[in-house]
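Engineer: One structure follows; several queries about it will come next.
The values are calculated or read from the model by the stated rules, or taken from the named source; none is laboratory data. These numbers were taken from a predicted model, which means no experiment stands behind them. A quick note on method: Cβ atoms are made from the backbone with ideal geometry, for glycine too, and the neighbour counts reach across all protein chains shown.
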Amino acid sequence: MEIEQNIALNIENQKNQNEFLNSTLWKTINNGIDIGLRYLLPDFVEDEIIDLKDNLINYGLKDGVKKSIESVIETGKQALGIVTGNFENIGQIENTLKNGGVIDKISDVFDVVIDKVEETGKINSTVSNVLKKGKTSILSSVEKNIEATLAKQVSGTESIQNYIESWKMYYSQKDFSGMEIEFAKMEKELEELIPIENTLKAARYVENIHNLIRNNGQNFELTEEELELASKLS
């Protein structure tokens with residue numbers, strides 16, 4: 001029990017992958033919509049863009065997009081035969097979003113929301129028509145942002161692996177200062193990554209060992225029991 005208390009699992013391994021993925025994608029899509037609106041409405045000042053965006057969100061844009069993402073995610077998991085409830089790698093997420101029609105679903109949401117906002121008089125027919133006719137530009141911006149976010153996720157996963165390998169090197173040399181540097185990099189990178197179990201498992205093992213050594217006065221002489229428990233908890 002004492003050993004378990006000494007192992008501080010700081011990694012958010014209880015994060016719901018769906019919620020994290022949905023939140024990450026919404027931020028990505030939201031940013032893409034901002035870029036698209038500014039492109040379509042160059043004469044609008046910043047406050048007008050913000051006001052327009054707020055109205056789109058208030059009349060269902062955010063909720064509609066999130067429901068679309070959830071639908072695509074669940075359909076993708078079923079198609080891939082995922083029984084664990086979580087995607088196992090970024091490639092699966094990438095294929096799901098590309099083949100699940102997420103852009104088409106967002107396009108449908110956009111049409112409905114624009115009509116609602118126009119009906120309430122928050123925007124006039126001219127702005128409504130500009131948005132509908134220029135929707136392709138907005139969706140293109142959204143798609144590029146999604147691709148950039150997924151590429152960043154792949155890069156981040158590769159960085160985690162590099163930090164872990166560097167940590168192992170310092171660990172073999174019993175260089176705790178070097179371990180601390182790589183450990184801090186790993187933890188920071190993990191905050192931005194979609195929680196993929198394979199990546200988290202490797203990171204958790206490093207974290208368990210690292211914290212055992214840190215909490216034990218930087219003593220590298222770990223018992224077999226401690227090493228075994230660190231592995232089981234990863």
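Engineer: If you take the residues in the stretch 95-127 that are over 17 Å from Lys67 (Cα atoms) and touching a residue at least 60 places away in the same chain (Cβ under 8 Å), which one is surrounded by the fewest Cβ atoms within 10 Å (Cβ to Cβ)?
Structural biologist: Among them, the one singled out is Thr120.
Engineer: How many residues are of a type outside the set (Ser, Thr, Tyr) and free of Cβ contacts under 8 Å to residues at least 40 places away in the same chain if we restrict to the stretch 128-137? Working first, answer last.
Structural biologist: First pass over the stretch 128-137, keeping only residues of a type outside the set (Ser, Thr, Tyr): 129-135.
If we keep only those that are free of Cβ contacts under 8 Å to residues at least 40 places away in the same chain too, we end up with 129, 132-133, 135.
Qualifying residue count, the stretch 128-137: 4.
Engineer: Same structure, new question: Inspect all residues belonging to the stretch 153-169 and state whether any of them is outside the structural domain of Thr28 (by TED's automatic domain parsing), out of contact with any Lys or Arg (no Cβ under 6 Å at 6 or more places or on another chain), free of Cβ contacts under 8 Å to residues at least 12 places away in the same chain and at positive phi.
Structural biologist: No, that holds for no residue.
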